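K.L.:
Dropping the structure in here first, questions after.
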Amino acid sequence: MTMLSLALACHSAPSLLPDGEAAALDVEARLDEDSETALTVAWTTETTSEAILEYGPDDDYGAFVEGWSSDDGLDHAVVLAGLSADEEWHWRAVSRSADGDLVSADAVFQPADPPNDLANLEVSGEFDHLVLTPVMGDASFAAIYNGAGEPVWWRKLSTSMVMATQARMSLDGKAVLVMASLPELGTSVAIIRMPVAGGEPTITYTPSGHHDFLELPSGGYAALVHDVRTFEGYSVEGDAIVEFALDGTSRTVWSTWDVRDPDHVESMATLVSGDRDWTHTNSLAMLDGNYWVSSYRLCTVSIIHGASGALVAELGTGDDVALVGGDGFGPQHAVLPIAGGFLLFNNRPRNDGDSWSEAVQYDLNLREGTYSRAWNYEADRSVSTRMLGNIEPLAGGGHLVAWGSAGRMTLLDEDHDVTWEAAAPLGSGFGYAHVVTELSGQP
């Protein structure tokens, strides 16, 4: 099972160089100090060349990853990460140029074992990708697991259970971004950028932020934030989308208060702070310049124009929405737009004790104002969650379903049959989970 991670940020191939070629490259190898799971190899050449790192379970290697080279092609670096700690990994650096190939001596890298408070997952079936997710339990982590259920990269967020709902790979693939509320941050919620290769994290504060965020191609982040206002004498908690620029400025794109006023304020659940939890939006996605958000309490999905903040459509039940359809969703999380439709994790809590959850794909025709279920998957009734849960398509077909606080993940093939499952120890849960396609590569 330790070979599963080879498929992800690399290319499987026979050795790039003939056997017996003399070593010629002097390299410097640095292990990250945060978890000792990422190795950065750097070197300099006298002529313009490419940066490649061959690696594998022995000195036949069998896989390689391309790295970074300076504009003049003389300085080079490659990050090697995502490998099992159960194996010693052989590696060597390769510079390919018009003047011929150079290669370093064979070396060995063995990643560190995970800490005792970050457990392996109990796995059935096979999965040849990595999965990134926050892990919440007696201690909280941002962690990447391989298909064998082994942590292959992690950063400890706290020695206690904290709210860490979302973790994403950065757009450049060089860092893990996690939204978390940590004890040292006080009441603030932050997006923390953690370089895969190690080093100081970068923190962007998102006042009143919660649940979900997106990294923007232009720089900065869009995040869900609480928008608390007084209504009919009550403090009511709505939600907004706010874009946070890296220079510290921010722009409110849209608020639930722009669409409607609360109904039945007195019957709303009361939080510890005393605010009435009205809309409880919980996920943020973007497609074709439009934001998509899901509301747990309103059981609706809203599509918002990213530039103007205008409501494009609202899917769910009610008379005052731009698009009304079907029987609604039930309380839900993690809307994800796809071509011709959207994915949704339907929590479906019941008052009669028969709670259950499901992953659903909907077909959508905005022009005609219609949507309908294309397919759904529900596990046995013991696997249900009121907190979090998401579904994500795989590039090669199939879907990954994460069951949030239930601490389970399921891989479905193109026929929606289960091919892999992973379970966290009792008392642990996941945030939103995502398939990782690249981890090794550029520092």
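K.L.:
In segment 234-275, which residue that is farther than 25 Å from residue 303 by Cα and of a type in the set (A, V, I, L, M) is modelled with the lowest pLDDT?
P.N.:
Of everything passing the filter in segment 234-275, 272 is modelled with the lowest pLDDT.
K.L.:
Here is a follow-up. Among the residues of segment 116-123, is there at least one that is free of Cβ contacts under 8 Å to residues at least 12 places away in the same chain, farther than 25 Å from residue 396 by Cα and either out of contact with any Gly (no Cβ under 9 Å at 6 or more places or on another chain) or among the polar types (S, T, N, Q) (or both)?
P.N.:
Yes, the conditions are met somewhere in segment 116-123.
Residue by residue, here is whether (1) among the β-branched types (Val, Ile, Thr); (2) buried (at least 20 other Cβ atoms within 10 Å of the Cβ); (3) at pLDDT 85 or above holds:
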residue: 277; (1), (2), (3): no, no, no
residue: 282; (1), (2), (3): no, yes, yes
residue: 289; (1), (2), (3): no, no, yes
residue: 295; (1), (2), (3): no, yes, yes
residue: 298; (1), (2), (3): no, yes, no
residue: 305; (1), (2), (3): no, no, yes
residue: 310; (1), (2), (3): no, no, yes
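K.L.:
Any residue at all in segment 424-432 that's farther than 22 Å from residue 118 by Cβ and under 22 Å from the mean Cα position of the chain (by Cα)?
P.N.:
no
K.L.:
Any residue that is surrounded by 23 or more Cβ atoms within 10 Å (Cβ to Cβ) and in contact (Cβ under 8 Å) with a residue 60 or more places away in the chain - is there at least one of those in segment 170-192?
P.N.:
Taking every residue of segment 170-192 in turn, none turns out to be surrounded by 23 or more Cβ atoms within 10 Å (Cβ to Cβ) and in contact (Cβ under 8 Å) with a residue 60 or more places away in the chain.
K.L.:
Residues that are farther than 24 Å from residue 41 by Cα and in contact with a helix residue (DSSP H, G or I) (Cβ under 6 Å, 6 or more places away or on another chain): does segment 122-129 have at least one?
P.N.:
yes
K.L.:
Determine whether residue 231 is under 25 Å from residue 301 (Cα atoms), modelled with pLDDT of 95 or more and among the aromatic types (Phe, Trp, Tyr).
P.N.:
no
K.L.:
Which one of the conditions (1) out of contact with any Pro (no Cβ under 6 Å at 6 or more places or on another chain); (2) closer than 30 Å to residue 32 by Cβ does residue 194 fail to meet, given that it meets all the rest?
P.N.:
Exception for residue 194: condition (1).
K.L.:
If I filter segment 178-196 for residues that are touching a Lys or Arg at 6+ places or on another chain (Cβ under 6 Å), of a type in the set (Ser, Thr, Tyr), assigned by TED's automatic domain parsing to the domain that holds residue 294 and over 16 Å from residue 279 (Cβ atoms), do I get at least one hit?
P.N.:
Looking through segment 178-196, none of the residues is touching a Lys or Arg at 6+ places or on another chain (Cβ under 6 Å), of a type in the set (Ser, Thr, Tyr), assigned by TED's automatic domain parsing to the domain that holds residue 294 and over 16 Å from residue 279 (Cβ atoms).
K.L.:
Restricting segment 86-109 to residues that are of a type outside the set (Asp, Glu) and exposed (fewer than 15 other Cβ atoms within 10 Å of the Cβ), which is nearest to residue 72 (Cα to Cα)?
P.N.:
97
K.L.:
Continuing with the same structure: Determine whether segment 119-129 contains at least one residue that is within 21 Å of residue 198 (Cα to Cα) and at pLDDT 90 or above.
P.N.:
Checking segment 119-129: not a single residue is within 21 Å of residue 198 (Cα to Cα) and at pLDDT 90 or above.
K.L.:
From (1) over 30 Å from residue 35 (Cα atoms); (2) free of Cβ contacts under 8 Å to residues at least 40 places away in the same chain, pick out the condition that doesn't hold for residue 207.
P.N.:
That leaves (1) as the condition not met.
K.L.:
Can you tell me which residues in segment 250-266 are in a loop (DSSP other than H, G, I, E, B) and either within 15 Å of residue 209 (Cβ to Cβ) or touching a strand residue (DSSP E or B) at 6+ places or on another chain (Cβ under 9 Å) (or both)?
P.N.:
The first filter runs over segment 250-266 and keeps only residues in a loop (DSSP other than H, G, I, E, B), leaving 259-264.
Selection gives 259, 261, 262.
K.L.:
Between a first residue in segment 216-228 that is farther than 15 Å from residue 188 by Cα and assigned by TED's automatic domain parsing to the domain that holds residue 168 and a second residue that is assigned to a loop (DSSP other than H, G, I, E, B) and acidic (Asp, Glu), which pairs have beta carbons less than 6 Å apart while being 6 or more apart in sequence or on different chains?
P.N.:
228/275
K.L.:
Follow-up. What do you reckon, is residue 83 buried (at least 22 other Cβ atoms within 10 Å of the Cβ) and not assigned by TED's automatic domain parsing to the domain that holds residue 391?
P.N.:
It is true that residue 83 is buried (at least 22 other Cβ atoms within 10 Å of the Cβ) and not assigned by TED's automatic domain parsing to the domain that holds residue 391.
The values are calculated or read from the model by the stated rules, or taken from the named source; none is laboratory data. Computed from a predicted model, the values in this text were never measured in an experiment. With ideal geometry, Cβ positions are generated from the backbone for all residues, glycine too; neighbour counts draw on all protein chains shown.
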